[in-house]
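Shown next, in C-alpha cells, is the structure this report addresses.
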Amino acid sequence: MRSLFRAMLASVACLYLANPALAQTAEDPQETAQPAMLVADRVFITPERQLIAEGNVEAFQGDMRLRAQKITFDRQTGKLEIEGPIRIDQGGRATILADAAEMDKGLQNGLLRGARMVFDQQLQLAALQMTRVGGRYTQLYKTSVTSCHVCDDGKPPLWQIRARKVIHDQLEQQLYFEGAQFRVLDVPVFYFPAIRLPDPNLKRATGFLIPSIRTTSQLGTGIKVPYFFRLGDNKDLTVSPYISAKTKTLDLRYRQAFRRGRIEIEGAYTRDDLIPGEDRGYVFAWGQFDLRNDYKFSFEVQTVSDNGYLADYGLPEYDRLQTEIALTRVKRDTAFRIGFIHYETLRDSENEDEIPSDVFDLNYEKRFFPTAIGGEVRLAFDGHGHQRTSTADVIGRDVARATIDAEWLRSWTFASGLRADWKMGVAVDDYRVWNDSNYNSDTLRTAPRAALTLRYPTVYRGAGGTHYLEPIAQIGWSDVSGAALPNDESNFVEYDQGNLLALSRFPAPDQREEGTRAVFGLNWAHYSNKGWQAYATVGQVFRSTADPRFSKTSGLGGTASDLLLAGQVLLPQGLGLTARGLLDGSLNFSKVEVRGSWSDNRTNVSGTYLWLGRDPAENRTLAVSEFWFDGAYKVNPNWTASANIRYDIEDSRATRAGVGFIYQNECVSVNISVNRRYTSSTSVEPSTDFGFTIALSGFAVESGNKEYRRTCSKT
C-alpha cells in the first residue's frame, strides 16, 4: 500500500511541477526538458500554493536523481528549497552531496551550500558554495580537490588541490581551476594561476600525462613529460620531451583508427653526448586493415639510427629489425599469403652486406575432400626468394625457389580403438642460385614421401582420477632427386613434440630428410580428481642412414636420434612446471629447458633454465647455461616488490638484473625501479637505469586503487 500511495503522490507532484512552457536544455536547444517528478513519504500543498514534500524525498529530471529530507516548491517563482542531507546523481557521471540548496524545478540551475561533488566514487571536490548553471556548468567556490580518503579528525589528506574557483563543464567534461595550489600534507608545493584538468569520466582529453624521472649511468638524470593531443575521436598524438644533462630527445607517438583498420607510429629524435654531433633516433610503425573478400593487409616498419640506440634509451633490445608488408586471406579450405621482409642487423658481429636482407614469400594452399578416394587432398604452392647486398662470390649468394606440393591424407579408426593415419605426397622444387660458384645456377628436384602412423589411445578411470595413454608408431619414407642446394634457411633445427612425426624436420623446404625412418613414441596424461594435471611425451627417431646435415646438438644425428623427453605438471595452487630435453645414447643431455611459474593472491614468480651444448654448426663455440627469473610479491595492500635477473652460469655472471617497488593507495601511485645491464659490445656499454614515476589518481578513467582504502585512526 505504501508503494502504491507513493506512486499516486508522484503522479500528482509530477503534474504540479510540470511547466506548460517546456524549457530547452542547455546541451541541445532542439530538445525540450522533461518535467520533474517528485515522490516522498508525505506530500501536501499549503494555502500559499507551495508544494512541500517531507521524508525520503526523491525528485527525477531526465537522468538526474535528487534525494533529500525536505523539498519546498513555490509554483509562482518556480524555485525549490531543499533541506539536506542532499544527494544528486547525474546519470552515473558524478554525485553531488550538499547540506542545503535552492534550485529550479528542472534541477538544472541553483545554489548549493556545504557541497561536495564526487566522480566515480573517487575524486571529490568539496566547496563552501556550489552553483549549477543551465544544467551544464557547476561552479564551486573555495574548493578542495582530492582523491585521498578524508577523515573527520581534521588531518589533511595526503595531497589536495586548493582553488579559489573551480568550474566543471559537464558537456565538455573538463575541470577549470582558478588560483590553484597543489598541497602535500597541507604544505603548498606548486601554485597555478589557472589550470585545466579532465573530468575523470573523460576517456581521452588533450593534456599532460604522467611524467617520469629516469637516471642512467650514461645519460645522467632526466625527466620525460608526455603531452597528449586528442586530434579527434579516432586519432591522437603524444609528444614526450626527454631532457637530461647529456641528451635532448623528443619522443612521438601517433595513433589512428579507421573503419576497417588502424595504424600506430612511434619514434624519437635525439641529440646527445654519447655520439656527439650526430642525429640519432628510431621509427617503429605498424598497421593492419581488413579489405574486401576477407583479405587482410598489414605492415610493420622498424629502423634505427645506430646499433646502440635502443639499449641506450631503454627500448626493446632487438638484435635484428624487421620491416614487412603482407597480404593474407584465410578461409575454411584455402590459405593465401604474400609478403616482403627487409632485415636490418644490429649485431656487431654481422656484416649487413653478407646476410639475406631482402626476403620475398608467396604461399597458397587449398584442400579438397574427394569422395572417390576419401580423406583430404592438399595442393600448395610456395615461392621464396632472398638476396644479399654483396655481389661477391659465395658470400653474396642470392637464392630463389618455387615449390609445388600435393599431399593425400586419410585416417581410419577400427573397432578395437586402433587409429591409422596415412599420408603420401610429392613436392617439386625449382631453384635458382646467383653469385655462388659452388652450386648450379638452376636446379630442379623432386621429393616424394609417404608415412603410416598407428596410435592406440587408451583411457583408465580410477579412484584418483583419469589416465590417458597413447602409444605411437610411424614408418615413413622420402626421397630427394636433384643436385645439392645451399643451406640458407635451415641452419637451426628444433626437435620437439611438434615435429616428432614430421617427415622432414628441417624448418624450410631448402633442405629435406631422405631415406626410411621409424618413429616410436608415447603420450601420457593424468587428470586428478583433486584438480592437478600432468602430461608427458617420450619419442625417438630411427633412420636407415645417418644425415650429416643435422648438427651435433640438434638431437637428430646418427641412425638413432636422441631421446625426446617432455613433460608438464599443473597444480591447482597456481604452480606450473614444464620441462623438455634431449638425452643421447651416453645418457647426457644435449639440450635442456625447464620453465616454472607460481602465482597466488600475493605472489607471482616465473623462471626458466636453459642449457645448450657447444655446437660450431649453430655458431655456438661455447656451451650456453643460464637462467631467468622474474617475480613480484605483494607485501601488503599498498606495497608490491618485484625483481628480475638473467644469469649466465657458464660465465658465472649476471647479464641483467633489476628490482622495483610500487606503492599504491586510493589516491597516489609511486613506481621506483633500478635495472642494470652488464653485457657490452662495441656499440653498447654496460649501464644502470633508475626510474621514478608518481601518479595522482582520480583524473583518469580506471585510475587508482579501489580495492583498498585507508581507514581513519581511532582515538
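The values are calculated or read from the model by the stated rules, or taken from the named source; none is laboratory data. For clarity, every value in this text was computed on a predicted model and none was experimentally measured. Note that each Cβ is placed from the backbone with ideal geometry, even for glycine, and that neighbours are counted across all protein chains shown. Only protein heavy atoms, including side chains, enter the accessible area calculation; ligands, DNA and RNA are left aside. Shrake-Rupley method; radii C 1.70, N 1.55, O 1.52, S 1.80 Å.
Between A245 and S416, the contour length at 0.36 nm per residue exceeds the alpha carbon distance by 53.8 nm. A 1.4 Å probe run over the chain, with the rest of the protein chains in place, finds 53 Å² accessible per residue. Note on T77 and I338: their simple-model spin labels are 7.9 nm apart, each label 7 Å out from Cα toward Cβ. A convex hull fitted to the Cα coordinates of the range 37-205 yields 116 cubic angstrom per residue.
Taking a Cβ cut-off of under 14 Å around E324, the surrounding Lys, Arg, Asp and Glu residues balance to a net charge of -1, with basic ones at +1 and acidic ones at -1. Taken over the range 458-584, the alpha-carbon convex hull comes to 111 cubic angstrom per residue. Think of the chain as a dipole: +1 on every Lys or Arg Cβ, -1 on every Asp or Glu Cβ, centred on the Cα centre; then among S144, L570, W598, S144 lies furthest on the positive end.
Residues of the range 637-659 falling in the label zone of F627, defined by backbone nitrogen less than 17 Å from a point 7 Å along Cα to beta-carbon, are 643-658. Shape index of the chain: Rg/Rh, with Rg the Cα radius of gyration and Rh the Kirkwood radius from the inverse mean 1/r over Cα pairs, equals 1.09. Over all other residues within a Cβ to Cβ distance under 13 Å of M130, the charged ones net out to +3, with Lys and Arg as +1 and Asp and Glu as -1. Share of carbon and sulfur in the accessible area of the chain stands at 56%, probe radius 1.4 Å. Would you be so kind as to identify which of W639, G555, N499 lies farthest towards the positive end of the dipole of the chain, taking Lys and Arg as +1 and Asp and Glu as -1 on Cβ and the Cα centre as origin? Farthest towards the positive pole: W639.
Counting other Cβ atoms within 10 Å of each Cβ, which chymotrypsin sites (Phe, Trp or Tyr not before Pro) in the range 192-296 have at most 16 and sit in a DSSP loop? Numbers along the way, then the final one.
Working: sites: F208, Y227, F228, F229, Y242, Y254, F258, Y269, Y282, F284, W286, F289, Y295; in loops: Y295.
Passing both the DSSP loop test and the Cβ count: Y295.
The mean sequence distance of close C-alpha pairs (under 8 Å, at least 6 residues apart), as a share of the length of the chain, puts its relative contact order at 6 percent.
Charges only on Cβ, +1 for Lys and Arg, -1 for Asp and Glu: so what's the dipole of the chain about the Cα centre, in debye to the nearest 20? Using Cβ point charges on Lys, Arg, Asp and Glu, the chain gives about 2920 debye. Judged by the gyration tensor of its Cα atoms, with axes a ≥ b ≥ c, the range 561-673 is oblate; a/c meets the 1.5 cut and b/c is at least as large as a/b. W532 sits with roughly 90 Å² accessible to a 1.4 Å probe, with DNA, RNA and ligands left out of the calculation. The long axis of helix 2-17 is offset from the longest Cα principal axis of the chain by roughly 70 degrees.
When the scattering of the range 446-528 is computed by the Debye formula from its Cα atoms alone, each counted once and equally, what is log10 I(q)/I(0) at q = 0.17, 0.21, 0.23, 0.25 Å⁻¹? Scattering profile of the range 446-528, log10 relative to I(0): -0.78, -0.99, -1.10, -1.20. The orientation-averaged shadow of the Cα convex hull for the range 557-615, equal to a quarter of the hull surface, comes to 4.8 nm². Taking every DSSP helix (H) stretch of at least 4 residues in the chain, weighting each as -39,500 (n - 2.57) and dividing the sum by the residue count yields a mean residue ellipticity at 222 nm of -1000 deg cm²/dmol. Can you tally the net charge around K70? Count Lys and Arg as +1, Asp and Glu as -1, for every other residue whose Cβ sits under 9 Å from the Cβ of K70. The answer is -3. Label separation (E376 vs F190): 6.0 nm, computed from points 7 Å beyond Cα along the C-beta direction.
Given +1 at the Cβ of Lys and Arg, -1 at the Cβ of Asp and Glu and no other charges, the dipole of the range 534-622 around its Cα centre is 100 debye to the nearest 20.
Look at the dipole of the range 269-312 built from charges on Cβ: of G287, F297, A311, the Cα furthest out on the positive end belongs to F297.
With +1 assigned to the C-beta of every Lys and Arg and -1 to the C-beta of every Asp and Glu, and no other charges, what is the dipole magnitude of the range 37-205 about the Cα centre in debye, to the nearest 20?
400 debye
Once you sort the root eigenvalues of the Cα gyration tensor of the range 287-343 as a ≥ b ≥ c, which label holds: rounded (a/c under 1.5), prolate (a/b larger than b/c) or oblate (the other case)?
Prolate.
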